[in-house]
2 protein chains.
Amino acid sequence: MPDMRSLLRVGSEGPDVPVDLTAIDPQSTPGLPGRKVTGSDPKLWARGEVERIGAELATQQEMLFAQGTVEPELGRSVLLVLQAMDCGGKDGAVKRVAGAMNPLGLHIKAFGPPTPEERRHDFLWRIRKALPPAGYVGVFNRSHYEDVLVVRVMGLAPESVWRPRYKKINDFERRLVDSGTAVVKVMLHISHDEQRERLLSRLDDPTKQWKFNPDDLEARARWDDYQEAYAEALARCSDAAPWHVLPANRKWYRDWALAHLLRETFADLKLSYPKPEYDVDAQRRRLEADG
Amino acid sequence: MPDMRSLLRVGSEGPDVPVDLTAIDPQSTPGLPGRKVTGSDPKLWARGEVERIGAELATQQEMLFAQGTVEPELGRSVLLVLQAMDCGGKDGAVKRVAGAMNPLGLHIKAFGPPTPEERRHDFLWRIRKALPPAGYVGVFNRSHYEDVLVVRVMGLAPESVWRPRYKKINDFERRLVDSGTAVVKVMLHISHDEQRERLLSRLDDPTKQWKFNPDDLEARARWDDYQEAYAEALARCSDAAPWHVLPANRKWYRDWALAHLLRETFADLKLSYPKPEYDVDAQRRRLEADG
């Protein structure tokens, strides 16, 4: 099994070289084993794998939670940062992959346009407030990267405001990592055509029409500008926590690859259930003596 | 199918008559259909039902979320308040029943002993901060009821402080319900013996020892005082949002009954997917025109 983080990692050419997103095919499936392993239906195979890995993730999460309960001062947590164009599949990925874990240990936060109160603070203020506590797996559905993406593309702030944010983000993430949080940043990469198909299927399905917003078409009209903004952000902010670009046209591959990224992240933490700090036998005797 | 909320509801004899918990057998399974329906293995049957109802809950939750997205001003949300003695099964119930829903739409909060900051505020301050936003399903793992339970039993505040809280809780819950939140309050009711078995099995299992805290035995030593405190709280605070006592010695029954309580709560909301406020055809034409 290849290391998915190495396969999908970007930004290794340095902060001044924008990531070439056009060189990454959204339809591709890097790391996926051949038919010898998957059989004739890779999609079915991947779904089974996601379930199997999901159970492993649930165990890892429980160990993390146990450690956060017993030794909160270690500050150990995991943070998954998800970014994508509209219809990129963030919600689906969270549902399928994070959904395998115990909801008690998840700390999920979706970031929309900042509220008036949030706008009166530094852009990282609301991000800091939403960080996962020790022992939790946090998921950011959009994130502080919107402040160098939509803000840049839609001109919500001048360049003199958003450009210095690359450095602020790197500093912020450096401190986060140093204080015990394992950060996994993933851009779900879909094609312009795939977005159209998904938007159309939202319009066609009465149970999905609520997800469609006419503003989405304004963002779509600025596709190239967004890709350019992503290209620079991914390169400039892969310092303490590198970015991964995950080809996401195929939903089953997306879930499979994301599950692997999380599994590898957990593996680095070398988690185990904490040893009890009390005398187990003495407690057992107390309980057994008690009618 | 009987209405589980009616079956499990308590407090109908008035706020001055403590709920007689000794009259409710923690081993019982009210509302469970007979063998004609369940077959020879009610446990297996109930697990299947929980899965089936879980899928329904997931759909209901999505409709609630859709409504919260499109019409947040309606303030519609669901709040499940779970209370129990240690090992009562709150975590397991959340994992099994809330775990069926999309984690994106869950707002789970576990309340431990108040922090120094929280202690400097009114006891409802941290509760208000943790309420589910419109469109979300909130779960309180412990709650403001601890302020009339552990606080009373362990003497953390004098009666002149905790007794007026019954009224404050009723007023608070009344406003909550009036503003659009469907509140379901459930006490998971286990027996003294069952708690011992579960505590022992925590001590015996290296993957569970972290959940055991020697302090749990202090609380256990005050079992009768806790039951008395529950008896009064359940009776006095079933005003705007009634309490349900769910016999919880059998985990499979607990999950099954809880799934039903949630399903009935959702049914009252008569949810549906919101109709789009934009012109679907016009948006489709815009998209199709766009290469």
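The values are calculated or read from the model by the stated rules, or taken from the named source; none is laboratory data. Note that the coordinates shown come from a computational prediction; the quantities given were computed from them, not determined experimentally. Here the Cβ positions follow ideal geometry from the backbone for every residue, glycine too, while neighbour counts run over all protein chains shown.
Structure notes:
- Residue among B:ALA130, B:ALA98, B:ALA157, B:ALA134 that is without any contact (Cβ under 8 Å) to a residue 40 or more places away in the chain and within 26 Å of A:LYS90 (Cβ to Cβ): B:ALA130
- Residue check for A:GLN61: of a type outside the set (Ser, Thr, Tyr), within 13 Å of chain B (Cβ to nearest Cβ) and under 17 Å from B:VAL94 (Cβ atoms): yes
- When we screen B:ASP290, B:ASP268, B:ASP255 for residues that are modelled with pLDDT of 95 or more, surrounded by fewer than 15 Cβ atoms within 10 Å (Cβ to Cβ) and acidic (Asp, Glu), the only hit is B:ASP268.
- Residue check for B:PHE111: modelled with pLDDT of 95 or more, over 25 Å from B:ILE24 (Cβ atoms) and out of contact with any strand residue (DSSP E or B) (no Cβ under 6 Å at 6 or more places or on another chain): no
- Any hit, segment A:177-196, residues being closer than 22 Å to A:PRO30 by Cβ and without any contact (Cβ under 8 Å) to a residue 40 or more places away in the chain: yes
- Qualifying residue in segment A:203-212 (condition: hydrophobic (A, V, I, L, M, F, W, C), within 22 Å of the chain's Cα centre (by Cα) and either modelled with pLDDT of 95 or more or surrounded by fewer than 17 Cβ atoms within 10 Å (Cβ to Cβ) (or both)): no
- B:GLN67 part of a helix (DSSP H, G or I) and not charged (D, E, K, R): yes
- Taken together, A:VAL37, A:VAL50, A:VAL19 contain a single residue that is more than 13 Å from A:TRP243 (Cα to Cα) and surrounded by 12 or more Cβ atoms within 10 Å (Cβ to Cβ), which is A:VAL50.
- Applying the condition of being farther than 27 Å from B:GLU197 by Cβ and of a type in the set (Phe, Trp, Tyr) to segment B:245-291 and asking which residue is farthest from the other protein chains (Cβ to nearest Cβ) yields B:PHE266.
- Restricting attention to segment A:78-108, the residues that are hydrophobic (A, V, I, L, M, F, W, C), touching a strand residue (DSSP E or B) at 6+ places or on another chain (Cβ under 7 Å) and more than 10 Å from chain B (Cβ to nearest Cβ) add up to 7.
- Checking each residue in segment A:13-47 for being part of a helix (DSSP H, G or I) and either on the phi > 0 side of the Ramachandran plot or more than 21 Å from the chain's Cα centre (by Cα) (or both) picks out A:THR22, A:ALA23, A:ARG35, A:LYS36, A:VAL37, A:THR38, A:PRO42, A:LYS43, A:LEU44, A:TRP45.
- Residue check for A:ARG222: charged (D, E, K, R), within 18 Å of A:PHE140 (Cβ to Cβ) and either more than 10 Å from every other protein chain (Cβ to nearest Cβ) or surrounded by 19 or more Cβ atoms within 10 Å (Cβ to Cβ) (or both): no
- Members of segment A:171-209 that are more than 10 Å from every other protein chain (Cβ to nearest Cβ), of a type outside the set (A, V, I, L, M, F, W, C) and assigned to a loop (DSSP other than H, G, I, E, B): A:SER179, A:GLY180, A:SER191
- When B:ARG120, B:ARG142, B:ARG152 are checked against the criterion of being away from chain A (no Cβ under 14 Å), surrounded by fewer than 19 Cβ atoms within 10 Å (Cβ to Cβ) and out of contact with any Cys (no Cβ under 8 Å at 6 or more places or on another chain), a single residue qualifies: B:ARG120.
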